[in-house]
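**Student:** This is the structure I want to talk about, given as structure tokens.
The values are calculated or read from the model by the stated rules, or taken from the named source; none is laboratory data. Bear in mind that the values here come from a model prediction, so they are computed numbers and not experimental data. Cβ placement follows ideal geometry from the backbone for every residue including glycine, while neighbour counts extend to all protein chains displayed.
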Amino acid sequence: MRRGLIARSLVELPDAVFDARLDRVRAAMRDAKLDALVVYTNNTRPAGVSWLVGFVPYWSEALLVVPREGAPYLVAALTFRVKTWIERVSRIGEVLHNPRVGLKAAQQIASVQKSATVGVVDFDGLPTGIADDIHEGGPTLVLNEAGPLFAGLRAKADPAEIALAGKAAAIAHQALAQASGGTLNAMIARAERQARLDGAEEIYVAAAPDLARDLRFMRIEGEAAWGKSFALRVTVAYKGTWVRLVRTFCDAGIAAKAAARLAQAVAPLPSDRGFAGFTSWLVEGCRTTQPLEPLMGSRFGAANPPQSGAFVSVQGVLAVDGTTVLVGAPVLLGAPSEAASLVIDPSYH
């Protein structure tokens, strides 16, 4: 369950932003001869629906239906008592409530056009029960995978998304700047508190308590001792936009060199040639419904390399003056002839 504030800002996300996104989606639907598009959302896969209409669930699940003509509507498993809240925080034509969201969505689509062609974003990742209910509610609907279509539309960040990424990055940076205290848990608590005060929709803090022993980030349960150098990673969501930022607590000069190395490494993206000197690295971004999906990295190559204009988060491990450093920050890829750049400096002076 999400714990931060979810509220719509007409300044940061005006109606015109959603209108432009829906116009692009409907143009792609016409080209693909789709009568409707269906997008799934829950608290771990909120990115597709939040991008289209601004809705982010605290818990439970829902399906957004985008007809080729007419306003999008949400079929939510949440009870009727949250209807006014959903309408207040999103731009949706209608909210329908049913515990079997797949059944209701399919029935609604079929009531307009019995044998409609429906694109389902990330169909293979849809929960089995919901997929079965869609088949039951609309047995003559023609269902197609619409993940690649949607990923193409989301590939390049629009100005609103870039601005929100900058805000989320600033929240993450300030949170890690406030990470102090006599224990690792105290540091994590201070970071989380600061992010909440700054308006984060969500923040997750992971730690690598002793880089001399283990480079893996983990969620800290109970008290944990830290080593000579350790790292914290914050994952922050703000108005549906997610970023990761990593800080290694070590000599400030070493941290600054690591940040400079990261800036040099990301510049050639989507080419991976900049990471030649890194022990490991990972690029994450949003393609469909997951806010931070692995796109490419040292462990699996270029599975889904980002396109020019994409917004991603990058993490890496490298050695600086004999010290192992974990570093990471959000990155904006430029046009084909332009270098990618860090959205925020991950070092702390």
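Each row is one residue, and each column tells you yes or no for (1) outside the structural domain of residue 115 (by TED's automatic domain parsing); (2) in contact with an Asp or Glu (Cβ under 7 Å, 6 or more places away or on another chain); (3) not β-branched (Val, Ile, Thr).
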position: 9; (1), (2), (3): yes, no, yes
position: 44; (1), (2), (3): no, no, no
position: 55; (1), (2), (3): no, no, yes
position: 70; (1), (2), (3): no, no, yes
position: 78; (1), (2), (3): no, no, yes
position: 88; (1), (2), (3): no, no, yes
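**Student:** Name the residue, out of 62, 28, that is in a helix (DSSP H, G or I) and either in contact (Cβ under 8 Å) with a residue 60 or more places away in the chain or surrounded by 14 or more Cβ atoms within 10 Å (Cβ to Cβ) (or both). Talk me through it step by step, then tell me what you get.
**Tutor:** Working: 62 fails: in a helix (DSSP H, G or I).
Criteria check complete, one pass: 28.
**Student:** Which of the residues that make up the range 92-115 are out of contact with any Lys or Arg (no Cβ under 9 Å at 6 or more places or on another chain) and surrounded by fewer than 20 Cβ atoms within 10 Å (Cβ to Cβ)?
**Tutor:** Within the range 92-115, 93, 94, 99, 100, 107, 110, 111, 112, 113, 114, 115 qualify.
**Student:** Among the candidates 223, 202, single out the residue that is over 15 Å from residue 245 (Cβ atoms) and either of a type in the set (Lys, Arg) or in contact (Cβ under 8 Å) with a residue 24 or more places away in the chain (or both).
**Tutor:** One residue alone meets the criteria, 223.
**Student:** Here's something else I'd like to know. Going through 166, 152 one at a time, which residue ends up being exposed (fewer than 15 other Cβ atoms within 10 Å of the Cβ), under 20 Å from the mean Cα position of the chain (by Cα) and at negative phi?
**Tutor:** On inspection, the qualifying residue turns out to be 152.
**Student:** Residue 40 fails exactly one of the following numbered conditions: (1) assigned to a helix (DSSP H, G or I); (2) aromatic (Phe, Trp, Tyr); (3) within 22 Å of residue 286 (Cα to Cα). What is the number of that condition?
**Tutor:** (1)
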